[in-house]
Amino acid sequence: MENEKKKNDYWQVVFIASMAGVNLAFANLLKDVLAVHINGVALAAIVGALGALIGTGIYALVKNRKTTVKIIVYIGTLILMSGTILFLSKLNSDSYVIKRNWNVIKNGNMSFEYPFKFSEMNVDVDVDIAEMKVFADGKEDRFAVNLIYDFKSEAPNPEDSLSGSILSSLASVNATDIEWIDSEFYENAVTAKVKYKIENNERIGFGIVYFKDLHYELASFLPYSKDYSEDFLNKIVKSISIEE
């Protein structure tokens, strides 16, 4: 009896720990797939707890079964969870994301499309700026930001405003080998792509600034741990429009 109890306890730990661990991987993918901002720590805690409950439930079903049955059920459950994770990985791929209907982000005169929603952030306003609003999607692998700001008396060159904002963001992630490419100058807007490296991985981002008198609107899309595919970035650029 004592030996059997030890076996049961051992299998209980195996099922609970495995399901909790697999569900944590599941949570990371789920956070990226959902088109809403969700706190990653809270989601991991909830999904990890659900994994532990699933493991407890499976153990309760097989605890009085033979070892062979436990092994079959355990392997089958892992295969099912792994298949779900692979499916979510596909949903999270850029080739799938660009086929979805994207949100229209419009906080000022400029609008663009993006797969995730933006929310307003609290920021410290520079002394030269009368008013500033900052909106972001809250993702950590790729930074997408929309700024709206009005200068008090004298506005800087638009290209300096664009490059300064992008360089500030890149400095926060220790980007190196920064190179500006495909810059375009319009009557009331400046656009540019920027090439850089993060931990020896090459990244390409994009930025645009719209300006009218002292009013500026800027949007930048800068990949960090996950790059933008060419089709993904092109879809963003083509969706940008300005209403005066």
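The values are calculated or read from the model by the stated rules, or taken from the named source; none is laboratory data. Predicted model only: the values in this text are computed from it and were never measured. Don't worry about glycine lacking a Cβ; one is built from the backbone with ideal geometry, like all the others, and counts go over all protein chains shown. Side chains are part of the model used for accessible areas, which takes the heavy atoms of the whole protein and leaves out ligands, DNA and RNA. Shrake-Rupley method; radii C 1.70, N 1.55, O 1.52, S 1.80 Å.
In region 218-231, the residues that are in a helix (DSSP H, G or I) form Cβ pairs under 9 Å with partners that are at pLDDT 90 or above, at six or more places apart or across chains, as follows: 230/204. Among the residues making up region 71-97, a single one is of a type in the set (Val, Ile, Thr), modelled with pLDDT of 80 or more and open to solvent by less than 40 Å² (accessible area, probe 1.4 Å): 97. Can you report the number of residues in region 150-187 which are surrounded by fewer than 18 Cβ atoms within 10 Å (Cβ to Cβ), of a type in the set (A, V, I, L, M, F, W, C) and either under 22 Å from residue 202 (Cα atoms) or touching a residue at least 40 places away in the same chain (Cβ under 8 Å) (or both)? Final tally of qualifying residues: 6. Scan region 101-111 for residues that are surrounded by fewer than 12 Cβ atoms within 10 Å (Cβ to Cβ) and part of a loop (DSSP other than H, G, I, E, B) and the total you get is 1. Looking at this structure, is residue 114 within 17 Å of residue 205 (Cα to Cα) and either open to solvent by 70 Å² or more (accessible area, probe 1.4 Å) or under 15 Å from the mean Cα position of the chain (by Cα) (or both)? Considered against the rule, which asks whether it is within 17 Å of residue 205 (Cα to Cα) and either open to solvent by 70 Å² or more (accessible area, probe 1.4 Å) or under 15 Å from the mean Cα position of the chain (by Cα) (or both), residue 114 comes out as yes. If you check 154, 243, 217, 140 for being modelled with pLDDT of 90 or more and at negative phi, only one passes: 217.
Considering only residues that are open to solvent by less than 60 Å² (accessible area, probe 1.4 Å), within 19 Å of residue 184 (Cα to Cα) and either basic (Lys, Arg) or out of contact with any strand residue (DSSP E or B) (no Cβ under 6 Å at 6 or more places or on another chain) (or both), which ones fall in region 209-232? The answer is 211, and nothing else. The set of residues from region 114-144 being outside any loop (DSSP other than H, G, I, E, B) and small (Gly, Ala, Ser) comprises 119, 130, 136, 144. Scoring residue 147 on the criteria (1) under 21 Å from residue 234 (Cβ atoms); (2) in a strand (DSSP E or B); (3) open to solvent by less than 50 Å² (accessible area, probe 1.4 Å) leaves a single failure, condition (1). Can you tell me which residue is least open to solvent (accessible area, probe 1.4 Å) among those in region 129-144 that are over 16 Å from residue 208 (Cβ atoms) and of a type in the set (A, V, I, L, M, F, W, C)? Filtering region 129-144 for residues that are over 16 Å from residue 208 (Cβ atoms) and of a type in the set (A, V, I, L, M, F, W, C), the one least open to solvent (accessible area, probe 1.4 Å) comes out as 129.
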